[in-house]
Amino acid sequence: MDNVNYATLSNKDNYTIFKYGDRIIRFKAPYSLEKYTEIKLWENGYLVVMAKYSHNPNSEEEYIDIVPILKDLYINPDTFLKPIKEVKIEK
């Protein structure tokens, strides 16, 4: 798949980081989040992911909706999300 068509998801210092193109969107993550381990679903701004937390030895299913975050940042979700075909975990 062409690199232009995917975004990445990661976390650092209690923030989730969503990157696409030259945009880096950071938003608060749970304090106990250690890392995202898998992307289960990407559907036009909605993510189902597996996340590893410090209080649980197993990954847990979590849900992230990027659309309201983009709207809060005055970024048009339709325009921004349309070219993204996949989201990968950034290592």
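Rule-based calculations on the coordinates, nothing more; no lab input. Because the structure is a prediction, the values reported are computed rather than measured. Reconstructed Cβ throughout: ideal geometry from the backbone, glycine too, with neighbour counts over all protein chains shown.
By count of other Cβ within 10 Å, fewest leading, how are Leu73, Leu9 ordered? Show your work: numbers first, answer last.
Numbers: Leu73 12, Leu9 20.
Arranged by neighbour count, lowest to highest, Leu73, Leu9 become Leu73, Leu9.
Of (i) 16, 38, 33, 13, 1, 0; (ii) 18, 57, 23, 2, 0; (iii) 16, 53, 27, 4, which is the value of P(r) over Cα pairs in 10 Å bins from 0, in percent derived from the coordinates here?
(iii)
Hey, which of these cross-link pairs are over 22 Å Cα-Cα: Lys40/Lys91; Lys52/Lys82; Lys71/Lys91; Lys28/Lys88; Lys12/Lys85?
Values: Lys40/Lys91 16 Å; Lys52/Lys82 29 Å; Lys71/Lys91 27 Å; Lys28/Lys88 19 Å; Lys12/Lys85 24 Å.
In this structure, Lys52/Lys82; Lys71/Lys91; Lys12/Lys85 exceed 22 Å between Cα atoms.
Within the stretch 54-91, which residues have the backbone N less than 16 Å from the label spot 7 Å out from Arg23 along Cα→beta-carbon, could you tell me?
Within reach of a label on Arg23, which here means backbone N under 16 Å from a point 7 Å along Cα→Cβ, the stretch 54-91 contributes 65-88.
What residues from the stretch 10-45 fall in the zone where the backbone N is under 13 Å from a label point 7 Å along the Cα-to-C-beta line of Tyr53?
Residues 29-35 qualify, since their backbone N sits under 13 Å from the label point.
How large is ³J(HN,Hα) for each residue in the stretch 13-20, as worked out from phi by the Karplus curve 6.51 cos²θ - 1.76 cosθ + 1.60 (θ = phi - 60°), to whole Hz, x for Gly and Pro?
Coupling constants for the stretch 13-20: 6, 6, 10, 8, 10, 10, 10, 8 Hz.
Quick one: compute the contact order of the stretch 21-80, relative version, from alpha carbon pairs under 8 angstrom and 6+ residues apart, as a percent.
On the way: 76 pairs, mean separation 13.9, N = 60.
The normalised contact order for the stretch 21-80 reaches 23 percent.
Using +1 at the Cβ of each Lys and Arg and -1 at the Cβ of each Asp and Glu in the chain, identify which of Leu9, Ile66, Tyr53 lies farthest towards the dipole's positive end.
Going by the charge dipole, the pick is Leu9.
Relative to the Cα centre, what is the charge dipole magnitude of the stretch 3-89, using +1 at the beta carbon of each Lys and Arg, -1 at the beta carbon of each Asp and Glu, and rounding to the nearest 20 debye? Mind showing how you got there, number by number?
On the way: 12 positive and 12 negative charges, 56 e Å.
Roughly 260 debye for the stretch 3-89.
Using θ = phi - 60° and the Karplus form 6.51 cos²θ - 1.76 cosθ + 1.60, what ³J(HN,Hα) does each residue of the stretch 50-60 get, whole Hz, x for Gly and Pro?
Per-residue couplings from phi come out as 9, 10, 9, 10, 5, 8, 9, x, 10, 5, 10 Hz.
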